[in-house]
Amino acid sequence: MGINTDLKVQNLTKLYTLVLLRSKDSVTGYYILKRLGSDLGKTSSPTYIYDFLKKLKEKGYIEEITTKKNERSKGYRLTSLGSEFTDRIFSRFDNLIDVAIQSRLEICSSCGVRLYKDYYTEMINGKKLNFCCKHYAKAYKTSL
């Protein structure tokens, strides 16, 4: 059995950096810092982010590119090896995410689909029921 030489991703900053790398064709360190602040309300030192990017690059998980806007600006994108790495990391977090989301799910009273956000709610026979849309609520009332 070989020694596991993968990078450790044990905090939200590193995980979200990988999410951002996975979600766009290329990102800059500055973009990562801005999104950490705007999306998570989290600040991180540029040194921390750029050190993590450097380690990802050393492992061959990302490559450095020049950005379209500014040829001096460094952008980073995942390599195929980096995509495999993020798949492994994300799969480790699947159970955690499932548990967090499961407690927030509702069920459509008409069709049984699981609902996460922005679902339709209506009082029917004194009970508050959730539906995936108003059309299924109407169909449910018709079936009573």
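FYI, it's all coordinate maths here, none of it is from the lab. Note that the structure is a prediction, hence the values are computed from the model and not measured. As a convention, Cβ positions derive from the backbone with ideal geometry for all residues, glycine included, and neighbour counts pool all protein chains shown.
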FRET efficiency, Leu7 to Cys133 (Cβ-Cβ, R0 41 Å, nearest 0.05):
0.40
Looking at (i) 1.49; (ii) 0.93; (iii) 1.38, which value of Cα Rg over 2.2 N^0.38 Å comes from a calculation on the structure shown?
(i)
Among Tyr116, Tyr16, rank each residue by its count of other Cβ atoms within 10 Å, from fewest to most, as a rough exposure measure.
Tyr116, Tyr16
Residues Val27, Val99 in order from fewest to most other beta-carbon atoms within 10 Å are Val99, Val27
Can you give the charge dipole size of the chain about its Cα centre, rounded to the nearest 20 debye, using +1 on the beta carbon of Lys and Arg and -1 on the beta carbon of Asp and Glu?
400 debye
To the nearest 10 degrees, the tilt of helix 46-58 (Cα long axis) against the first principal axis of the alpha carbons of the chain is 80 degrees
With x for Gly and Pro, the residue-by-residue ³J(HN,Hα) of the range 99-114, computed from phi through the Karplus equation 6.51 cos²θ - 1.76 cosθ + 1.60 at θ = phi - 60° and given in whole Hz, is 4, 5, 7, 3, 5, 9, 7, 10, 10, 5, 5, 9, 10, x, 5, 7
I want the local charge near Ser109. Using Cβ-Cβ distances under 15 Å, sum +1 for each Lys or Arg and -1 for each Asp or Glu among the other residues.
+4
Given points 7 Å out from each Cα along the Cα-Cβ axis, report the Thr79 to Phe93 separation in nanometres with one decimal.
2.2 nm
Can you tell which of Lys59, Lys42, Lys128 shows the greatest fluctuation in a Gaussian network model of the chain with Cα springs below 10 Å?
Lys128
